[in-house]
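Working notes, beginning with the structure itself.
The values are calculated or read from the model by the stated rules, or taken from the named source; none is laboratory data. Worth saying up front: this structure is predicted, and the values here are computed from it rather than measured. Because the Cβ atoms are built from the backbone with ideal geometry, glycine has one as well, and the counts that use them run over all protein chains shown. The accessibility values were calculated without ligands, DNA or RNA, using every heavy atom of the protein model including side chains. Shrake-Rupley method; radii C 1.70, N 1.55, O 1.52, S 1.80 Å.
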Amino acid sequence: APASPPPPYAPVPTQASAMLPVVAGLLLAVAAGGRAAAVGDSESPPGSRFVCTSLPLDAAGAGCPVPMQGGALPPEEELRATVLQLRETVLQQKETISSQRDAIRELTGKLSRCEGTDGKGGTVAWRKELSKGKDTMGDLPRDPAQVIDQLSRTMQTLKDRLESLEHQLRANVSYAALPPELREMLQRRLGDLERQLLTKVAELEDEKSLLHNETSAHRQKTETALNALLERVSELEKGNSAFKSPDEFKVSLPLRTNYLYGKIKKTLPELYAFTVCLWLRSSASPGIGTPFSYAVPGQANEIVLIEWGNNPIELLINDKVAQLPLFVSDGKWHHICVTWTTRDGMWEAFQDGEKLGTGENLAPWHPIKPGGVLILGQEQDTVGGRFDATQAFVGEMSQFNIWDRVLKAEDIVNIANCSTNMPGNIIPWVDNNVDVFGGATKWPVETCEERLLDL
């Protein structure tokens, strides 16, 4: 009976797929030969050859012979040509992909086991089985389509293995060529990263060192400031404990700087007349500096008493100047008073209870502006600041009082000779009304009688 055509299967897109038709033809030839033996042929035709293959035990014994086509080669020649073609294909595979040898050896082994012959055109194993009258075709599958399907799966497995070998071969070739360049590139990269890391570590070490130095310097400054503050607090506590009354203290400004000063907490109201009296002692040269200054917004020289350089002591009202005939830079205690009234700008100057000078036209009809800042020991260029060290007072002062009127001459004399104690009704000399800054200190003051003896 003519053989039914094999079912279609997916072609294999590799070189192994070229062998599929050849091996399929071999398998069909084997099926045809086995079918002839099953129907009772006692011997094989002369010149014929059989090829066997292992099949499942439960396969049917019936097969389909493949009729010879007219003009075709004898089966032995056709099989020999097929084997040669297969071996040539295997050799080509060996030349192109060396890693396919295992698969080819496996395939060649299978063909050798199925193609064992006696050299005379017949199969020895089949002849022995046929001479014994044993039906060997019972192990063959009934349907050649199963054989083809199995062959297809086998060829697909071989294809997968070949592709895997090809991938491994390409990977091996690539990796075999890359390592020196890869190692050099990695070494350069690692070298760069190492240098960057060392640079960063060095920068961090420098920053750490600088931070340590800055921290040490800051800590030293802080400790110095705290020590100075503690010393000053101790001095203030010592001085305050010695004050017999709130007004028996003096402010000491021993250096000509722009940061030692005292400040009166209270401010002045609007004034049309005033009297300022104080005790001071200074031996600074040239000039004792600025015993006090009063500045308001828009006028830094609202009221100023100053001896600057080789100039005489001057009284400034609204930046107008009057020179006073006072001489107090001998290092002794002196009591001085200055009076002023807006009417005609009249002024008077007293030293140790004695009137030494008078004048007029000093900022006449100008009222003293309220709400300013009263500073002891510095001349203000702005309200409460911008001190000039060359104009700073150097020495000691006490009993700084301000009245909102012109005191009588006998009152000034009584204050100067210690016969009366008359605090200012605008600015009295009391401890809680005077703050000191920059190293200026408060000390117990000599008694009024001791100051008189110093004259």
*Search result, residues across the range 336-362 that are open to solvent by 60 Å² or more (accessible area, probe 1.4 Å), in contact with a strand residue (DSSP E or B) (Cβ under 9 Å, 6 or more places away or on another chain) and over 21 Å from L278 (Cα atoms)*: R343, E360, N361
_Search result, residues across the range 315-371 that are of a type in the set (S, T, N, Q) and not in a strand (DSSP E or B)_ = N318, S329, T342, N361
_Conditions (1) crowded, with 17+ Cβ neighbours inside 10 Å; (2) within 21 Å of W347 (Cα to Cα): number failed by K408_ = (1)
*Hey, M397 hits all of (1) open to solvent by less than 60 Å² (accessible area, probe 1.4 Å); (2) under 18 Å from L271 (Cβ atoms) but one; which does it fall short on?*
(2)
*Confirm whether F292 is assigned to a strand (DSSP E or B) and of a type in the set (F, W, Y).*
yes
*Could you please give the count of residues in the range 267-283 that are crowded, with 17+ Cβ neighbours inside 10 Å and within 58 Å of the chain's Cα centre (by Cα)?*
1
*From the list W365, W333, pick out the single residue that is among the hydrophobic types (A, V, I, L, M, F, W, C) and either open to solvent by 30 Å² or more (accessible area, probe 1.4 Å) or over 28 Å from T441 (Cβ atoms) (or both).*
W365
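Out of all the residues in the range 289-308, is one or more among the β-branched types (V, I, T) and either within 17 Å of D404 (Cα to Cα) or open to solvent by 70 Å² or more (accessible area, probe 1.4 Å) (or both)? Steps first, please.
Step one: filter the range 289-308 for residues among the β-branched types (V, I, T), giving 290, 296, 303-304, 306.
Remaining after also requiring either within 17 Å of D404 (Cα to Cα) or open to solvent by 70 Å² or more (accessible area, probe 1.4 Å) (or both): 303-304.
Scanning the range 289-308, I find at least one residue that is among the β-branched types (V, I, T) and either within 17 Å of D404 (Cα to Cα) or open to solvent by 70 Å² or more (accessible area, probe 1.4 Å) (or both), so the answer is yes.
Let's see how each residue does on (1) over 30 Å from E106 (Cβ atoms); (2) modelled with pLDDT of 75 or more; (3) open to solvent by less than 100 Å² (accessible area, probe 1.4 Å):
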residue: S174; (1), (2), (3): no, no, yes
residue: L178; (1), (2), (3): yes, no, yes
residue: L182; (1), (2), (3): yes, no, yes
residue: D192; (1), (2), (3): yes, yes, yes
residue: N213; (1), (2), (3): yes, yes, yes
residue: H218; (1), (2), (3): yes, yes, no
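Look at V373 and say whether it is open to solvent by 60 Å² or more (accessible area, probe 1.4 Å), among the aliphatic types (A, V, I, L, M) and either in contact (Cβ under 8 Å) with a residue 60 or more places away in the chain or outside the structural domain of E307 (by the TED database) (or both).
Values: open to solvent by 60 Å² or more (accessible area, probe 1.4 Å): no; among the aliphatic types (A, V, I, L, M): yes; either in contact (Cβ under 8 Å) with a residue 60 or more places away in the chain or outside the structural domain of E307 (by the TED database) (or both): yes.
The answer is no for V373.
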